[in-house]
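We did not get these values from a lab; they are worked out from the coordinates using the rules stated. These numbers come from a predicted model, not from an experiment. Here Cβ is always computed from backbone atoms with ideal geometry, including for glycine, and neighbour counts include all displayed protein chains.
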Amino acid sequence: MKTLIINGSPRQNGDSMTLVNEITKHINGDIKIINTYFDSISPCIDCRYCWNNDGCLIDDEMQVVYKLLDEVDNIILASPLYFSELTGKLLDFASRLQYFFVLRCIRKDTKLKLKKKNAVLVITGGGDGSPQPAIDRANIIFRHINAELIGTILSLQTNEIPAKEDFKALSEARELALRLNELGNM
Ligand SMILES: Cc1cc2nc3c(=O)[nH]c(=O)nc-3n(C[C@H](O)[C@H](O)[C@H](O)COP(=O)(O)O)c2cc1C
């Protein structure tokens, strides 16, 4: 079983990664992590190369991700809330998934069908504001990459209780890891 983690937080040992690490502690198989703040992934510049050619012209780490998106069994998307949204770097990453939208809706390419995968969403927030805009955006990302959301882990008010002390969220992370293992064996 192969799992791709997309980390939208700049804090590599922060709240979001604490919950991701709890998942990875219990999940079987290979894991690859993309850190959107530190790996070289530029935003889409709407050059429209992909309207008439296969692939994306921007030669960066996203080329590896495009391949992985057709290989992995699971995707874990993690982000802190920034102004109730996914972080900007994660949205930069998401803009590169426009390639799949172009194939489907502009080039009407029926050959391309990305491998179906299971998805887990991890959202953390310092306050108790609404995470809904971030959840909505994550669902658009999952649609673009043929991923089915099997569970969301929310850890809010991390200013008061950091994720490492949020025992409900930690236990949800463990349970979802076990669920992914189960689905991987089916
Ligand atoms: C620029 C910025 C904007 C933020 N906006 C929100 C917000 O809208 N809602 C919220 O609950 N927390 C907000 N926070 C707090 C973070 O979401 C919170 O500290 C989170 O637990 C950090 O997760 P991390 O350690 O994985 O980066 C914001 C933090 C920053 C730096």
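Taking DSSP loops as anything outside H, G, I, E and B, show the longest stretch in the chain free of chymotrypsin sites (Phe, Trp or Tyr not before Pro) there with at most 13 other beta carbons within 10 Å.
The longest uninterrupted stretch comes out as 84-186.
If you split all Cα-Cα distances of the chain into 5 Å bins from zero, what percentages do you get per bin, shortest first?
1, 8, 17, 20, 21, 15, 9, 5, 2, 0, 0
Under 8 Å for C-alpha pairs, at least 6 residues apart: give me the relative contact order for the chain, rounded to a whole percent.
After rounding, I find 28 percent.
Set the bar at 23 Å for Cα to Cα. Now go through LYS2/LYS164; LYS67/LYS116; LYS89/LYS115; LYS117/LYS164; LYS25/LYS168; LYS89/LYS113 and name every pair that lies beyond it.
The answer is LYS2/LYS164; LYS89/LYS115; LYS117/LYS164; LYS89/LYS113.
At 222 nm, what value in deg cm²/dmol follows for the chain if DSSP H runs of at least 4 each add -39500 (n - 2.57) and the sum is divided by all its residues, to the nearest 500?
Calculated at 222 nm, the ellipticity per residue is -10000 deg cm²/dmol.
Size of the dipole of region 57-116 about the Cα centre, Lys and Arg at +1 and Asp and Glu at -1 on the beta carbon, nothing else charged, in debye to 20?
Its charge dipole is roughly 440 debye.
Using a Debye calculation, one point per C-alpha and no hydration shell, please list log10 I(q)/I(0) for region 1-98 at q = 0.24 Å⁻¹ in order.
Results for region 1-98 at q = 0.24 Å⁻¹ read -1.31.
In the chain, if the dipole is taken from +1 on Lys/Arg beta carbons and -1 on Asp/Glu beta carbons about the Cα centre, which of LEU86, ILE123, HIS144 is farthest to the positive end?
Of the listed residues, the answer is HIS144.
Could you calculate, for region 14-56, the ratio of the Cα radius of gyration to the Kirkwood radius, expressed as Rg to Rh?
1.18
Identify, among PRO10, ASN28, ILE153, the residue whose Cα sits farthest towards the positive end of the charge dipole of the chain, taking +1 on the Cβ of Lys and Arg and -1 on the Cβ of Asp and Glu, with the dipole about the Cα centre.
In the chain, that residue is ASN28.
Using a simple charge model, +1 on the beta-carbon of Lys and Arg, -1 on the beta-carbon of Asp and Glu, nothing else, what dipole does region 1-104 show about its Cα centre, in debye to the nearest 20?
Approximately 120 debye in magnitude.
What's the magnitude of the charge dipole for the chain around its Cα centre, counting Lys and Arg as +1 and Asp and Glu as -1 at the beta-carbon? Answer in Debye, nearest 20. Present the calculation step by step, with values, prior to reporting the outcome.
Details: 22 positive and 24 negative charges, 139 e Å.
Here the chain has a charge dipole of around 660 debye.
Which of the aspartates and glutamates could a cross-linker bridge to LYS32, judged by Cα under 17 Å and excluding same-chain residues fewer than eight apart?
Within reach: GLU22, ASP60, GLU61, ASP70, GLU71, ASP73.
Just for the Cα atoms in region 74-163, what are the lengths along the principal axes, largest first, rounded to whole Å?
The principal-axis extents, from largest down, are 49, 23, 17 Å.
GNM, the chain, Cα, under 10 Å: largest mean-square fluctuation among ARG143, ARG107, ARG174?
Greatest mean-square fluctuation among the candidates belongs to ARG107.
If you take the Cα Rg of region 107-157 and divide it by 2.2 N^0.38 Å, with N the number of residues, what do you get?
Output field value: 1.42.
When VAL20, VAL122, VAL65 are ordered from fewest to most other Cβ atoms inside 10 Å of their Cβ, what list results?
VAL65, VAL20, VAL122
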